[in-house]
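Q: My questions all concern the structure below.
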Amino acid sequence: MSDRQVLYHVSNQDFAIDYFNENEVIDWSGDQFNQNTINLRGYRPQLAVADHSIDLIRALSSFGPELLDLGERKELITHVTDALTFTNRRLVENVFESIRVKHFSHLPSRAHSIYLTNRQHIRYWFQELNRVNPSVIYEFECEGTFHAADASWIPEQIVPSDDYTAQAFNYWNGKSHPGYPNPSTEILFVGKLRKLNSYSHPKELIADRPNYSQVLEFFANCLSTKYFPKANRGHDMDHTSRVMLNSLKLCSTLNLEYSEVIKALCAAFLHDLSRLHDSPCEIHGQLAVIQKLPQFYPTWLNLGLDDDAIEEIKAVVTLHCKKDNFHSDIPNIQLLKTLKDADALDRIRFGEESLDKNYLRLSASRNQIQWAKALFLRSIKTDNPSQFFLKEANKIIKTSG
């Protein structure tokens, strides 16, 4: 599409775009390769052996692992991993560009465009790029040709050939990835750019966090068979809904700040997503962190969390199904106790004798037993966990308000 919009570019601080002056109009014609393409085209994996840099393939064929010392072996693993990643990415770009030229030639090229995003997704892209190199955010007024796409379609792993092609079509058609609740929007652009401002961190640009109504809507939408395809009798979508509500109620009682509430809801939603049975299990928390969390990462950043907060969620979800051991290395012990107690409060579903208040860690949890029982009795009268969660959660927020 051709239009005028205000959009944002997240870039390495050392990138040459620093020469942009305020209000100077730059013609990004698309004739030149962008920095991403230059990096991919110029990549050549080499291994340092005996003070010499040797082509990686030649090194692998000439030197057996037994001829390398431990440091060189570790370097070898790193270089092989990088080589596979870059080689796969070059293949991806070649396939995507081939599909574009043949079927979507009116759209800007990934190889030549400048990559932009909208305000909603700045936090995600800043976190992604800033972990590699210090980054800066540029605000541009843009007039030209745009293509908004979901970057979740870009394969990060080696996949069958047909999958590259299918995902390229989805990317160029502007479809959202069904496996991710919120698209990782990137906007390809060629045309005229006028720099309006620059920011060192998203918080300078995004002062307002999503309000609770937006947050609750997001979690309500996640309570669907899309994320709960297998219904375990005791650890199903209904159970997750109640654990989230128990967590929210505890946060309200404890008068926790916004970020702690969001972390508690994220942890409660994630905690049983990889549970495959109702028998005792100490690994489903870790599996959920590995298998399920990545697809929610962009959205959780947009809810106001940062990488440190998400690391806390990972640790808490991993530990929630293990025996209590509240040692000092746990990054957020209260969050862990909140999740464990919110989960335990829903043991009422197995009968009142299954919930022993002496095993609850927080005094607020022990005072919440009757509330949790009433919540369970209300929940079994509905067949829509999503609507039930939204109604009950809004009541909690309104009461605490």
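Nothing in this text is a laboratory measurement; each read-out follows from the coordinates by a stated rule. Every value quoted in this text rests on a predicted model; they were computed, and no experiment measured them. In this analysis, Cβ positions are derived from the backbone assuming ideal geometry, glycine residues included, and neighbour counts consider all displayed protein chains.
Q: Could you tell me the calculated FRET efficiency between Ile77 and Asn118, based on Cβ-Cβ distance and R0 = 45 angstrom, to the nearest 0.05?
A: The value I calculate is 0.70.
Q: Same structure, new question: List the relative contact order of the chain as a percent without decimals, with contacts defined as Cα pairs under 8 Å and 6+ residues apart.
A: It rounds to 18 percent for the chain.
Q: Check cross-link reach from Lys192 to the aspartates and glutamates: straight Cα distance under 18 Å, and skip same-chain residues fewer than eight apart.
A: Cα-Cα hits under 18 Å: Asp3, Asp18, Glu22, Glu24, Asp27, Asp31, Glu139, Glu141, Glu143.
Q: Any chance you could run the full-extension gain for Thr382 through Ile54? It's 0.36 nm times the residue separation minus the Cα-Cα distance, nm to one decimal.
A: Value of the extension gain: 111.5 nm.
Q: Return the FRET efficiency for the residue pair Glu257, Thr165: r is the Cβ-Cβ distance, R0 is 60 Å, and the value is rounded to the nearest 0.05.
A: 0.80
Q: While we're here: With springs only between Cα atoms under 10 Å, which of Asp82, Asp238, Asp343 fluctuates most in a Gaussian network model of the chain?
A: Asp82
Q: Then there is this: Please give every one of the lysines within straight-line cross-link reach of Lys391, meaning a C-alpha to C-alpha distance under 16 Å, and leave out same-chain neighbours fewer than 8 residues apart.
A: Within reach: Lys249, Lys381.
Q: Quote to one decimal, in nm, the extra length available between Asn358 and Leu196 on full extension: 0.36 nm per residue of separation minus the C-alpha distance between them.
A: Roughly 52.4 nm would be gained on extension.
Q: Can you work out the FRET efficiency for the pair Asn394 and Val25, with r the C-beta to C-beta distance and R0 = 56 Å, to the nearest 0.05? Intermediate values should be presented prior to the final figure.
A: Values: r = 48 Å, r/R0 = 0.85.
FRET efficiency, Asn394 to Val25: 0.75.
Q: Provide the per-residue ³J(HN,Hα) series for the range 96-106, in order, calculated from phi with Karplus coefficients 6.51, -1.76, 1.60 and θ = phi - 60°, each as a whole number of Hz, with x at glycine and proline positions.
A: Here the 3J(HN,Hα) series is 4, 5, 4, 5, 4, 4, 7, 10, 9, 5, 7 Hz.
Q: Another question, if that's okay. Counting other Cβ atoms within 10 Å, which trypsin sites (Lys or Arg not before Pro) in the range 362-401 have at most 15 and lie in a DSSP loop?
A: Values: sites: Arg366, Lys373, Arg378, Lys381, Lys391, Lys395, Lys398; in loops: Lys381.
The qualifying sites are Lys381.
Q: Okay, next question. Report, in deg cm²/dmol and to the nearest 500, the calculated mean residue ellipticity at 222 nm for the chain, where each DSSP H run with n ≥ 4 adds -39500 (n - 2.57) and the sum is divided by the residue count.
A: It comes out at -14500 deg cm²/dmol, rounded to the nearest 500.
Q: Another question, then. Rank Asp27, Asp346, Asp383 by mean-square fluctuation in a GNM of the chain with C-alpha springs under 10 angstrom and give only the top-ranked residue.
A: Greatest mean-square fluctuation among the candidates belongs to Asp383.
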